[in-house]
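Every number here is computed from the coordinates shown, using simple stated rules; none is lab data. This structure is a prediction, so every number in the text was calculated from the model and none was measured. Please note: Cβ atoms are built from the backbone with ideal geometry, for glycine as well, and neighbour counts cover all protein chains shown.
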């Protein structure tokens, strides 16, 4: 199981320090990768510790930011039918630059 931590609100430097420490303390939940994201307006920050199950490459690290930058996705779980979702979205005119499950969720969320 992965580890997720985040803060929504006015983000100060000490909040980012706290988030980094909290994410480090979650390493046992996600030993394969760890990344963080800070909103450009500094009104949100998220960190994710990843346990790789299906998408094991670093392109699946989170937080995932959509190509247009409008969506940031942090989640725990596996999308076992992501190939089926991909085929359906392609048949509806969507295109994908990456073949990872998180990309498929962002396309679904933008609908």
On the given criteria, is residue 11 farther than 17 Å from residue 74 by Cα and crowded, with 17+ Cβ neighbours inside 10 Å?
yes
Here the qualifying pairs (Cβ atoms under 9 Å; residues six or more apart or on different chains; first in segment 4-25 and on the phi > 0 side of the Ramachandran plot; second in a loop (DSSP other than H, G, I, E, B) and surrounded by fewer than 16 Cβ atoms within 10 Å (Cβ to Cβ)) come out as 9/43
When residue 40 is run through (1) surrounded by 15 or more Cβ atoms within 10 Å (Cβ to Cβ); (2) without any contact (Cβ under 8 Å) to a residue 12 or more places away in the chain, the failure sits at (1)
